[in-house]
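Please find one structure pasted underneath; my questions will follow.
The values are calculated or read from the model by the stated rules, or taken from the named source; none is laboratory data. Model, not experiment: these values are computed from the prediction. In this analysis, Cβ positions are derived from the backbone assuming ideal geometry, glycine residues included, and neighbour counts consider all displayed protein chains. Ligands, DNA and RNA are excluded from the accessible area calculation, which covers all protein heavy atoms including side chains. Shrake-Rupley method; radii C 1.70, N 1.55, O 1.52, S 1.80 Å.
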Amino acid sequence: MRVVKAFARQGYEKEKFDKDNWKKYIKGKFLLLMHSLFWPLSDIVLTTQMLFGFVYAAYMAIHGEITVGDYMAYIGLLLWLIFPIRNLGRLIVQTSTGMVSYARLMEITKQTREDLTSGKVQPTEPARGEIEFKNVSFIYSDGKQEVIKDISFHIKPGQSIALLGSTGSGKTSLVNLLPRFHEYTSGEILLDGVDLKDYPRKYLREQIGIVQQEPFLFSRSIRENILYGVGRSVTQEEIEAAAKAAAVHDVILSFPDGYNTIVGEKGVTLSGGQKQRVTIARTILKNPKILILDDSTSSVDTETEAEIRKALDDLMEHRTTFIIAHRIQSVMKADHILVLDKGQIIQKGNHEELLTQFGGMYRKIYDIQTRIDEELEQEIARVN
Ligand code: UTP
Ligand code: MG
């Protein structure tokens, strides 16, 4: 609605809706017309027919051409046949509308259910977090092009890896392969030396905490949102500690109902940055072995980001972390940095190594960002 209003397209949308609605109205009206013709007409035709049959048969019975028994049988047969045949008209209409609904239902029913529990291995211990990509390529099931092309890298347990790259370069697609939201088309991804496809999905998702690029909150209380998927009993203190680490505790307390505030349509609408921080708190509480941060501080101001980054730094210790960010500051501390372009790795290394590759994409981004920062500082110094 906001987009429609912002572009002042109410008239256009209304017209578009009216057009479709008008088509439905015309069809409905036609159906009604057919019904109102069919029933009275068939009433007239059938009852005339029946009357004629009754009278003529009675005439024959009176003159002894048929017996009274035949007459009764004939009338019975007529009544038994005529009304069901007449109802066929209605049945045909109902069946065809029914078939449309049936096809829609089948579309959903036929979807294969995601198998969460079966796998060649059934680990009972938490993962160590060693991850290896071997020539991994991936095409979306509805896509034609490879969005991930021949990607290989290796991270040891507890290390961090940053993905940097222009928008659409495949960063989100790459990390979404880890919880097996999609199946990679070729190559291998190994977790602790075992192919991801051999693990039960449920196990993988218990090991992985993901702060998604587009934060999603349920229309429930903030507490329930933070608790979502934690899978153990948690005290209020723990919830608050997670919220504090994500720099959202004070915001939550500023709402009249505090942690019981309902989010979304029926309650308070949170700002983009607030939503993002609630999802960070959720992941902090989940305490996963593998952490994925997909642009997770993009809607947060620099000061709050620094605060969250400190909390995340603590969280990142002893766990394998994927960081996706656009700011060099957010990725420079990572053990490995991959620079992606159109689904391919174009540069690989740590911050120092990549800085020395003059002419490389990383160096370019670094120069641009530091220049902007310097210009800002000079500007601020000049104003003061
Ligand atoms: P990504 O969503 O992986 O890009 O899409 P990204 O690097 O994370 O980009 P930003 O920084 O968040 O903006 C990579 C490619 O995959 C396609 C997109 O069209 C894009 O070209 N794609 C993405 C699909 O075909 N289907 C999807 O469901 C998602
Ligand atoms: Mg993305």
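If DNA, RNA and ligands are ignored and the probe is 1.4 Å, what is the ranking of GLU183, GLU374 by accessible area, most exposed first?
Final ranking, largest accessible area leading: GLU374, GLU183.
Next up: Quick one: ranking TYR71, TYR228 by accessible area, 1.4 Å probe, largest first, what do you get? Intermediate results must be reported in sequence, preceding the final value.
Values: TYR71 45, TYR228 105 Å².
Order by accessible area, largest first: TYR228, TYR71.
Compute the separation of the alpha-carbon centres of the range 305-384 and the range 245-262 and state it in Å as a whole number.
So the separation of the two Cα centres works out to 31 Å.
Ignoring ligands, DNA and RNA, please state the percent of accessible area on the range 242-289 from carbon and sulfur, probe 1.4 Å.
Numbers: 1020 of 2120 Å².
Within the range 242-289, the accessible surface is 48 percent carbon and sulfur.
OK, next. Take every Cα pair under 8 Å in the chain that's 6+ residues apart, average their separations, divide by the length, and report that relative contact order as a whole percent.
Details: 496 pairs, mean separation 65.6, N = 384.
Answer for the chain is 17 percent.
To continue, here is another question. How tilted is helix 302-316 with respect to the longest principal axis of the chain? Cα atoms for both, answer in degrees (0 to 90, nearest 10).
With both axes taken from Cα atoms, the answer is about 90 degrees.
Could you work out how much longer the chain between ASP257 and ARG363 gets when fully extended? Use 0.36 nm per residue separation minus the Cα distance between them, nm to one decimal. Please report the intermediate quantities before stating the final value.
Details: separation 106, 0.36 × 106 = 38.16 nm, distance 4.80 nm.
Residue separation times 0.36 nm, minus the Cα-Cα distance, leaves 33.4 nm.
Quick one: order GLU305, GLU375 from most to least accessible surface, probe 1.4 Å.
Working: GLU305 5, GLU375 105 Å².
So, going from the largest accessible area down, we get GLU375, GLU305.
Going by the alpha-carbon gyration tensor, a ≥ b ≥ c the square roots of its eigenvalues, is the range 1-156 rounded (a/c under 1.5) or, if a/c is not under 1.5, prolate (a/b greater than b/c) versus oblate?
Numbers: a/c = 5.89, a/b = 2.26, b/c = 2.61.
Since a/c reaches 1.5 but b/c is at least a/b, the shape of the range 1-156 is classed as oblate.
DSSP beta bridges in the chain, what fraction antiparallel, as a percent rounded to 5?
Numbers: 19 of 38 bridges.
Given both bridge residues lie in the chain, the antiparallel proportion sits at roughly 50 percent.
Oh, and also: Which residue fluctuates the most in the chain, going by a Gaussian network model with Cα springs under 10 Å, if the choices are LEU79, LEU178, LEU116?
Taking springs between Cα atoms under 10 Å, the residue moving most is LEU79.
Considering only protein heavy atoms, what is the solvent-accessible area of LYS134 at a probe of 1.4 Å, reported in Å² to the nearest 10?
Counting only protein heavy atoms, LYS134 exposes about 80 Å² to solvent.
May I ask you to give the solvent-accessible area per residue for the chain, in square angstrom, as obtained with a 1.4 angstrom probe? Walk me through the intermediate numbers first.
Details: 24400 Å² over 384 residues.
Using a 1.4 Å probe on heavy atoms only, each residue of the chain averages 64 Å².
Moving to a separate point now. Of the cross-linked pairs LYS286/LYS310; LYS171/LYS197; LYS5/LYS144; LYS275/LYS310; LYS149/LYS202; LYS275/LYS333, which ones have a Cα-Cα span greater than 24 Å in the structure shown? Could you put the intermediate results ahead of the total?
On the way: LYS286/LYS310 18 Å; LYS171/LYS197 21 Å; LYS5/LYS144 35 Å; LYS275/LYS310 19 Å; LYS149/LYS202 27 Å; LYS275/LYS333 26 Å.
Cα-Cα > 24 Å for LYS5/LYS144; LYS149/LYS202; LYS275/LYS333; rest within.
How far is helix 68-109 tilted, in degrees, relative to the longest principal axis of the Cα atoms in the chain, given as a value from 0 to 90 rounded to the nearest 10?
Long axis of 68-109 versus the principal axis of the chain: about 10 degrees.
Something else now. Report the FRET efficiency, 1/(1 + (r/R0)^6), for ILE66 and ASN87, where r is their Cβ-Cβ distance and R0 is 35 Å, rounded to 0.05. Please list the in-between numbers first.
Details: r = 29 Å, r/R0 = 0.82.
Here the calculated transfer efficiency is 0.75.
Here's a follow-up. Under a cut-off of 16 Å between alpha-carbon atoms, report the aspartates and glutamates in cross-link reach of LYS364, not counting same-chain residues fewer than 8 places apart.
Here the aspartates and glutamates satisfying the reach criterion relative to LYS364 are ASP341, GLU352, GLU353, ASP373, GLU374.
What is the sum of charges, Lys and Arg at +1 and Asp and Glu at -1, for the other residues whose Cβ falls under 13 Å from the Cβ of GLU114?
+3
³J(HN,Hα) across the range 356-363 via Karplus (A = 6.51, B = -1.76, C = 1.60, θ = phi - 60°), whole Hz, x for Gly/Pro?
Running phi through 6.51 cos²θ - 1.76 cosθ + 1.60 with θ = phi - 60° gives 6, 7, 5, x, x, 4, 4, 4 Hz.
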